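Read the structure below first, then the notes.
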Amino acid sequence: GVDGVRYFWLDDDQMIAMRYARNLAHGHGLVWNPGARVEGYSNLLWTLLMALVHWLPLPAHLIALPVKFLAWLAGGGLILAAEQLLRRFWPRPGLALPALLLALAAHVDLVYWAANGFETPLLALLFVVVLIRLLDEAGRAPRPFTYALLALIPLVRSDALHVWAAAALVALGLAPDWRRRRQVATWLGLALLPVIGHFVWRYSYYGAWLPNTY
């Protein structure tokens, strides 16, 4: 506490992103200090969500709580999505289902990420939901919403392009013929446009193609 007031906080890089979010919400832009454009976050969409949180009528010592809540929601959604993914491979999972749910609910990393307001549960949730949708639409025409969700993955974390690529390989591998693969490849190209747009924006705003040394 500070002067008798208990402050809630986020762990590690999330508090850095919170400072960027606060400056954005106050009209200073995505900056660490007003007037100096330096990119010190690696989670664009999560930082933008944090900026929305800063518009809530909450005192400073409570502003981290909604972010924790959003991370917990994403973690809970991940557990539910994992159940659905299991059923895609094993419609009657039996004891495998409670084993999966218990393992995820007690997983130290998932609990830590959710409790401390990380964007990682959201990233994992998006990945699992995309996998479920790709399995459901295997052999059928690609559905735009699936690839819209896929496009969000590298915007949630800038270093998640390999996660995007893993889902892209699944999409191509599930296509039954060359005609369908061409359709999938077209949608994958469209799903890369937001990432390309982010790179262009970063160059125009921060003056470098890779402004974050991380």
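The values are calculated or read from the model by the stated rules, or taken from the named source; none is laboratory data. As the structure is a computational prediction, the values presented were derived from the model and not from experiment. Reconstructed Cβ throughout: ideal geometry from the backbone, glycine too, with neighbour counts over all protein chains shown. Surface accessibility is based on the protein's heavy atoms, side chains included, excluding ligands, DNA and RNA. Shrake-Rupley method; radii C 1.70, N 1.55, O 1.52, S 1.80 Å.
For the structure I just gave you, tell me whether LEU52 is modelled with pLDDT of 95 or more, under 26 Å from ALA151 (Cβ atoms) and crowded, with 17+ Cβ neighbours inside 10 Å. Walk me through how you get there before you give the answer.
Values: modelled with pLDDT of 95 or more: yes; under 26 Å from ALA151 (Cβ atoms): yes; crowded, with 17+ Cβ neighbours inside 10 Å: no.
No, not satisfied.
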What number of residues in segment 174-210 are among the β-branched types (Val, Ile, Thr) and either open to solvent by 30 Å² or more (accessible area, probe 1.4 Å) or at positive phi (or both)?
3
Considering every residue within segment 60-81, establish whether at least one is more than 30 Å from GLN14 (Cα to Cα), open to solvent by 70 Å² or more (accessible area, probe 1.4 Å) and part of a helix (DSSP H, G or I).
no
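Just checking, how many residues over segment 20-38 are open to solvent by less than 70 Å² (accessible area, probe 1.4 Å), over 12 Å from GLY117 (Cβ atoms) and at pLDDT 95 or above?
So the first thing to find is which residues in segment 20-38 are open to solvent by less than 70 Å² (accessible area, probe 1.4 Å), and the list is 20-21, 23-25, 27, 29-31, 33, 36.
Imposing the further condition that a residue be over 12 Å from GLY117 (Cβ atoms) reduces the set to 20, 23-25, 27, 29-31, 33, 36.
Then keep just the ones that are at pLDDT 95 or above; that gives 20, 23-25, 27, 29-31, 33.
Selection size over segment 20-38: 9.
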Within segment 133-146, identify whether any single residue is touching an Asp or Glu at 6+ places or on another chain (Cβ under 8 Å), at pLDDT 95 or above and of a type outside the set (Lys, Arg), and answer yes or no.
yes
Picking from ALA167, ALA151, ALA171, ALA103, which residue would you name as being open to solvent by 40 Å² or more (accessible area, probe 1.4 Å) and in a helix (DSSP H, G or I)?
ALA103
Counted residues in segment 174-189 being farther than 28 Å from THR47 by Cα and either assigned to a helix (DSSP H, G or I) or within 23 Å of the chain's Cα centre (by Cα) (or both) come to 10
Only one of (1) surrounded by fewer than 18 Cβ atoms within 10 Å (Cβ to Cβ); (2) within 24 Å of GLY76 (Cβ to Cβ) fails for PHE127. Which number is that?
(1)
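Taking PRO142, is it closer than 25 Å to LEU86 by Cα, assigned to a loop (DSSP other than H, G, I, E, B) and either touching a residue at least 60 places away in the same chain (Cβ under 8 Å) or touching a Phe, Trp or Tyr at 6+ places or on another chain (Cβ under 6 Å) (or both)? Even if it seems obvious, please write down each step before you answer.
Numbers: closer than 25 Å to LEU86 by Cα: yes; assigned to a loop (DSSP other than H, G, I, E, B): yes; either touching a residue at least 60 places away in the same chain (Cβ under 8 Å) or touching a Phe, Trp or Tyr at 6+ places or on another chain (Cβ under 6 Å) (or both): yes.
Against the criterion (closer than 25 Å to LEU86 by Cα, assigned to a loop (DSSP other than H, G, I, E, B) and either touching a residue at least 60 places away in the same chain (Cβ under 8 Å) or touching a Phe, Trp or Tyr at 6+ places or on another chain (Cβ under 6 Å) (or both)), PRO142 qualifies.
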Taking segment 10-46 only, how many residues are more than 20 Å from the chain's Cα centre (by Cα) and under 23 Å from VAL111 (Cβ atoms)?
0
